[in-house]
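Working notes, structure below.
The values are calculated or read from the model by the stated rules, or taken from the named source; none is laboratory data. Nothing here was measured: the structure is a model prediction, and the numbers come from that model. Quick reminder, even Gly has a Cβ in these numbers, built from the backbone with ideal geometry, and neighbours come from all protein chains shown.
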Amino acid sequence: MKMGWDGAERGVRQHVQPRRVLVVEDEVIVGMLLEDMLRELGCEVAAISTHLEQALQLARTLDIDLAILDINLRGTQSFPVADVLGVRSVPFLFATGYGAQIPKPPYSGTPTLQKPFQLDDLRQILARSCFQAGN
């Protein structure tokens with residue numbers, strides 16, 4: 001099962017190519033901020049989910065190129081969503097305010113966006129993910 005994405009970092013593109021992104025984030029304001037940032041970077045937000053069950057359904061069915069997963073969704077971890085995405089070979093990254101050490105095996109090493117983050121932080125991690133996903 002593929003988790004996150006593979007490959008050595010080969011540099012950061014200056015511009016992110018348009019990508020369809022699933023955002024899983026339980027804080028509505030943070031989800032809206034991510035949506036605005038992603039659009040500014042040329043990505044299309046395919047859906048925003050605030051609940052685990054809805055996120056699982058979207059991860060199973062939505063045509064996406066990448067997902068951004070908040071680890072803690074109202075006290076429930078989003079790792080089952082990561083599992084679904086891994087089976088589908090959809091690259092994902094975690095977003096968390098709890099630190100990069102939170103993801104444990106099999107998720108350790110998955111790129112993690114530290115909250116709070118700026119547009120440049122998101123730009124860099126997306127550029128790496130799009131490049132490494134081979135898109």
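Taking the stretch 112-135 only, how many residues are in contact with a strand residue (DSSP E or B) (Cβ under 9 Å, 6 or more places away or on another chain) and either at pLDDT 90 or above or among the β-branched types (Val, Ile, Thr) (or both)? So the answer is 8.
Mind listing whichever residues of the stretch 57-108 are touching a strand residue (DSSP E or B) at 6+ places or on another chain (Cβ under 9 Å), of a type in the set (D, E, K, R) and surrounded by fewer than 16 Cβ atoms within 10 Å (Cβ to Cβ)? The one that is touching a strand residue (DSSP E or B) at 6+ places or on another chain (Cβ under 9 Å), of a type in the set (D, E, K, R) and surrounded by fewer than 16 Cβ atoms within 10 Å (Cβ to Cβ): 63. Residue count for the stretch 74-96 satisfying the condition of being in contact (Cβ under 8 Å) with a residue 12 or more places away in the chain and more than 14 Å from the chain's Cα centre (by Cα): 4.
Number of residues in the stretch 63-80 that are out of contact with any Leu (no Cβ under 6 Å at 6 or more places or on another chain), farther than 10 Å from residue 92 by Cα and among the aliphatic types (A, V, I, L, M) equals 1. Among the residues of the stretch 31-44, not one is free of Cβ contacts under 8 Å to residues at least 60 places away in the same chain and either crowded, with 20+ Cβ neighbours inside 10 Å or touching a Cys at 6+ places or on another chain (Cβ under 7 Å) (or both).
Residues that are among the small types (Gly, Ala, Ser) and at pLDDT below 90 are absent from the stretch 53-60.
Which one is surrounded by the fewest Cβ atoms within 10 Å (Cβ to Cβ), of the residues in the stretch 45-56 that are among the aliphatic types (A, V, I, L, M) and more than 13 Å from the chain's Cα centre (by Cα)?
The qualifying residue surrounded by the fewest Cβ atoms within 10 Å (Cβ to Cβ) is 56.
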